[in-house]
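For reference, the structure discussed in these notes is given below.
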Amino acid sequence: MSKRGPRRRAATARPVAGSLGIMDRTGWLDERRVAVEDDYTRDAPTYDDGYDPATPVHRRFVAWLIETVPVDGTVLDAACGTAPYVGMVLEAERRYVGTDQSAGMLEQAKTKWPDVRFEQVGLQELAFDGECDAAMCIDAMEHVPPEDWPGVLANLRRSRRTGGHLYLTVEEVDRKWLDDAFTAATAAGLPAVHNEDVGDDTGGYHHYPDREQANQWFTDAGLNIIEEADEWLDGYGYHHLLLRA
């Protein structure tokens, strides 16, 4: 799940240990992933306080996804966070499986839904193979670096039975902010590429592919766009996509 609240884009990036021309990109991305996981686990106990990540557009797409699943079918919620969509799935008489890399977020989810199946696993390590009728990955792909997008899409596609749908959100921001973030990151000696941001409000790392690149990854993964919608919030927005192999 993405960090909540309006984005306040900082024009500075803090150097991280070993970053100033010493750490290679692979090691840096590994460090950033750990930072994101730690940030969510630290925030987990109060993450839901006065906050609901499910906008009307999110709920509409989740409802569409559920409609594609037979009664008693299974919906995978990858990077489920504190599991804000469990109720919609269960009320529709479908089964739910939630996964997340953050132990803290899953602890909160299990507290709310003790009888629901949750597994601690990251998007990059998802190993479901045709076990689910549909999958969703909501407000989470912004934490996935460009190198990992193809593999994550392949994991999500493999998790579903033949013909299953996938609901995915792609976070978007003003491209000027990304120009500033890249300038700040390179000035700090970080091995960042354009469209990445490691500012204070990213939880440690965000990546915002442009639509042309995202669409190419969908095509390469054999995923076709069935429905899409744009939603602009306070300083950022989401491109909502319902996809099918």
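The values are calculated or read from the model by the stated rules, or taken from the named source; none is laboratory data. This one's a predicted model, so the numbers in the text were calculated from it and none came from an experiment. Here the Cβ positions follow ideal geometry from the backbone for every residue, glycine too, while neighbour counts run over all protein chains shown. These area figures cover heavy atoms from the full protein model, side chains too; ligands, DNA and RNA do not enter into them. Shrake-Rupley method; radii C 1.70, N 1.55, O 1.52, S 1.80 Å.
Taking only the Cα atoms of region 189-245, the radius of gyration and Dmax are 13.8, 41 Å. Normalised by the number of residues in the chain, the mean separation of alpha-carbon contacts (under 8 Å, six or more apart) gives a relative contact order of 26 percent.
Count Lys and Arg as plus one, Asp and Glu as minus one, and take only other residues whose Cβ is under 13 Å from that of Leu243; the net charge is then 0.
Taking the alpha carbon gyration tensor of region 10-143, multiplying each eigenvalue by 5 and rooting it gives semi-axes of 31, 16, 14 Å, largest first. Calculate the translational D of region 86-181 in whole µm² s⁻¹ from Stokes-Einstein, where the hydrodynamic radius comes from the Kirkwood formula applied to all Cα pairs, the temperature is 10 °C and the viscosity 1.306 mPa s. It diffuses with D of about 107 µm²/s by this estimate. Sorting Thr169, Thr183, Thr162 by accessible area puts them as Thr162, Thr183, Thr169; the probe is 1.4 Å, largest comes first, and only protein heavy atoms count. Computed from backbone phi with θ = phi - 60° and the Karplus coefficients 6.51, -1.76 and 1.60, the 3J(HN,Hα) list for region 134-140 is 7, 9, 9, 9, 10, 6, 9 Hz; x is used for glycine and proline. When the helices of the chain are scored as -39500 (n - 2.57) per DSSP H run of n ≥ 4 and the total is divided over every residue, the value at 222 nm lands at -10000 deg cm²/dmol. For the chain, with all protein chains in place and a probe radius of 1.4 Å, 49% of the accessible heavy-atom surface sits on carbon or sulfur. Taken over region 128-216, the convex hull of the Cα atoms encloses 100 Å³ per residue. Shown here for region 30-79: GluC sites (Glu not before Pro) in loop regions (DSSP other than H, G, I, E, B) with at most 15 other Cβ atoms within 10 Å, of which there are none. Measuring r between the beta carbons of Asp72 and Thr111 and using R0 = 22 Å, the FRET efficiency lands at 0.30. Say R0 is 22 Å: what FRET efficiency, to the nearest 0.05, do Gln120 and Arg42 get from their beta-carbon distance? Taking R0 as 22 Å, the efficiency between Gln120 and Arg42 is 0.85.
Entry comment: accessible area of the chain is 44 Å² per residue, from protein heavy atoms only and a probe of 1.4 Å. By the Kirkwood approach, averaging reciprocal distances over each pair of separate Cα atoms, the chain gets a hydrodynamic radius of 18.3 Å.
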